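The values are calculated or read from the model by the stated rules, or taken from the named source; none is laboratory data. Please read all numbers here as calculations on a predicted model, not as lab measurements. When we count neighbours, we look across all protein chains shown, and the Cβ atoms used for this are built from the backbone with ideal geometry, even at glycine.
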Amino acid sequence: MFRYAVATARLKSDPTRDLRGALTNPTVTHYGAVLNPAGAGELLRAINGYEGQPITKLAMQLAPHVFVRPGELRHAEWSEIDFEGALWTIPASKTKVRKDHLVPLSRQAIAILEEAHRLTGPDGYVFPSVRTRRRPMSDNTINPGLRRLGYTTDEMTAHGFRAMASTLLNESGKWNPDAIERALAHGDSDKVRAAYHRGAHWKERLRMMQRWSDYLDKLREGAEVVPIKAAKR
């Protein structure tokens with residue numbers, strides 16, 4: 001723009017000339033994540049063998065089944081969990097897109113939450129701080145848990161469970177990409193399109209979340225890696 005201004009005699013010189021090279025572009029940081037079926041199975045087995053705090057282990061066990069953002073997982077409260085309806089409603093105040101996010105809970109996710117409920121229920125945070133139940137688990141809990149299991153920051157992070165689910169679900173080719181995007185709670189700038197797709201893919205998301213958990217079980221057990229099959233529509 002300034003060069004154009006100089007060329008059209010609007011400016012005598014380019015004021016940004018002396019700044020060239022002084023500013024560097026920000027480095028894009030990618031979260032470490034396991035992105036292949038065999039590696040996912042190894043990770044799930046490692047988590048099951050975790051010998052640290054029980055609540056940390058349960059949080060790491062639940063994370064791959066729901067693949068919500070780490071902050072949403074840490075701040076989960078029992079009042080948001082509907083065991084009978086198998087649904088976790090994350091309020092807008094806790095989501096990145098500032099909209100309620102509904103997470104269908106598979107049988108496996110319910111079982112993990114029931115175990116957690118025996119330790120921290122019925123009120124307050126699902127995964128409270130080890131120091132006080134009035135605060136949620138620290139954001140410096142799951143990542144150190146993964147380090148304790150032998151995973152470096154480049155290999156796996158708390159946020160990596162989202163990338164793992166996104167990659168494997170998309171690579172399966174069995175699910176509508178919009179259904180996967182809704183499950184990941186990615187925003188949509190088109191409000192009309194967002195409202196339509198949220199409704200259109202809800203039933204598919206219900207099926208997908210259960211099939212995904214079933215698939216994780218097979219990977220954890222070391223069974224033959226097979227594609228995630230979608231139920232007939």
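Looking at VAL126, is it surrounded by 21 or more Cβ atoms within 10 Å (Cβ to Cβ) and touching a residue at least 40 places away in the same chain (Cβ under 8 Å)? In short, yes. In the range 89-98 there is at least one residue that is part of a loop (DSSP other than H, G, I, E, B) and charged (D, E, K, R). When residues of the range 139-153 are filtered for being touching a Ser or Thr at 6+ places or on another chain (Cβ under 7 Å) and in a loop (DSSP other than H, G, I, E, B), how many remain? Number satisfying all stated conditions: 1.
Does ARG118 count as assigned to a loop (DSSP other than H, G, I, E, B) and loosely packed, with under 14 Cβ neighbours inside 10 Å? It is false that ARG118 is assigned to a loop (DSSP other than H, G, I, E, B) and loosely packed, with under 14 Cβ neighbours inside 10 Å.
In the condition set (1) acidic (Asp, Glu); (2) modelled with pLDDT under 95; (3) in a helix (DSSP H, G or I), GLU171 is compliant with all but (2).
Output the residue which, of all residues in the range 104-137 that are among the basic types (Lys, Arg) and touching a Ser or Thr at 6+ places or on another chain (Cβ under 8 Å), is nearest to VAL68 (Cα to Cα).
Among those residues, the one meeting the criterion is ARG107.
When GLY39 is tested against (1) at pLDDT below 95; (2) under 20 Å from the mean Cα position of the chain (by Cα), exactly one condition is not met: (1). For beta carbons closer than 7 Å, sequence separation of 6+ or different chains, a first residue in the range 30-55 that is farther than 15 Å from ARG147 by Cα and a second that is assigned to a helix (DSSP H, G or I) and of a type in the set (S, T, N, Q), the qualifying pairs are LEU35/THR167; ILE55/THR120. Close contacts from the range 90-118, counting a first residue that is at positive phi and a second that is surrounded by fewer than 21 Cβ atoms within 10 Å (Cβ to Cβ) and part of a helix (DSSP H, G or I), with Cβ to Cβ under 9 Å and a gap of 6+ residues or different chains, come to ARG98/ALA92.
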